[in-house]
Amino acid sequence: MKPFWQRPLATLTREEWEALCDGCGQCCLHKVEDEDTGEIYHTNVACKLLDLKTARCGDYANRRSFVPDCTRLTPETAGTYAWLPPSCAYRLRAEGEPLPEWHYLVCGDREAVHRAGMSVAGKVISETVAGPLENHIVWPYGDEDDPDGEDGYGEDGYGEHRGGANPWDVD
């Protein structure tokens, strides 16, 4: 029998669904939407509940009480959010792709996401001190207008999301 993370999302229990999260914290970063084009821009600004050192929600069970617009991912919606990082287990599984080698369900190590550079831990700031989000826009997956992939993230703009590329290096 296949491990649950290899099964179709619709077959997972709630506990299995929740266990898919790798703890990277990327989905907890604010995005800015261009009102004219609808294009979404990523920022390095985290939700006020995100623990900046661990990249985990400080009150996951009650998060919607404090952040009413916190998006609730479901097996039905996981494949519909283009802003989810290409490394996101929910997105990968919705697209029928396997989990990356650094995912704790694959390797057995919850810290592997941090060592692989896929976590935002220690790399972002809280919305409580950030100021205008427009001042914090980052391009974590390379320049989409670079057809040759010379930005270091490959032609698909996703980079080595299964390996060690760090999309949050914004030096």
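For region 24-46, state whether one or more residues are touching a Gly at 6+ places or on another chain (Cβ under 8 Å), surrounded by 13 or more Cβ atoms within 10 Å (Cβ to Cβ) and not in a helix (DSSP H, G or I). Among the residues of region 24-46, at least one is touching a Gly at 6+ places or on another chain (Cβ under 8 Å), surrounded by 13 or more Cβ atoms within 10 Å (Cβ to Cβ) and not in a helix (DSSP H, G or I), which makes the answer yes. Going by the structure shown, is residue 25 within 12 Å of residue 119 (Cβ to Cβ) and not β-branched (Val, Ile, Thr)? Yes: the conditions hold for residue 25.
Of the helices (runs of 4 or more DSSP H) lying entirely inside region 47-149, the ones with 1 or more residues being buried (at least 20 other Cβ atoms within 10 Å of the Cβ) and hydrophobic (A, V, I, L, M, F, W, C) are found at 89-94, 112-115.
The set of residues in region 1-23 being among the basic types (Lys, Arg) and either touching a Ser or Thr at 6+ places or on another chain (Cβ under 9 Å) or part of a loop (DSSP other than H, G, I, E, B) (or both) consists of 2, 7. Condition (residue is in contact with a Leu (Cβ under 6 Å, 6 or more places away or on another chain) and touching a residue at least 60 places away in the same chain (Cβ under 8 Å)) applied to region 54-70: is it met by at least one residue? No, because not a single residue in region 54-70 is in contact with a Leu (Cβ under 6 Å, 6 or more places away or on another chain) and touching a residue at least 60 places away in the same chain (Cβ under 8 Å).
Checking 46, 19, 55 one by one, the residue that is within 18 Å of residue 116 (Cβ to Cβ) and in contact with a helix residue (DSSP H, G or I) (Cβ under 9 Å, 6 or more places away or on another chain) is 55 and no other.
Each value in this text was obtained by applying a stated rule to the coordinates, not by laboratory testing. Given the structure is predicted, the values throughout are model-derived calculations rather than measurements. With ideal geometry, Cβ positions are generated from the backbone for all residues, glycine too; neighbour counts draw on all protein chains shown.
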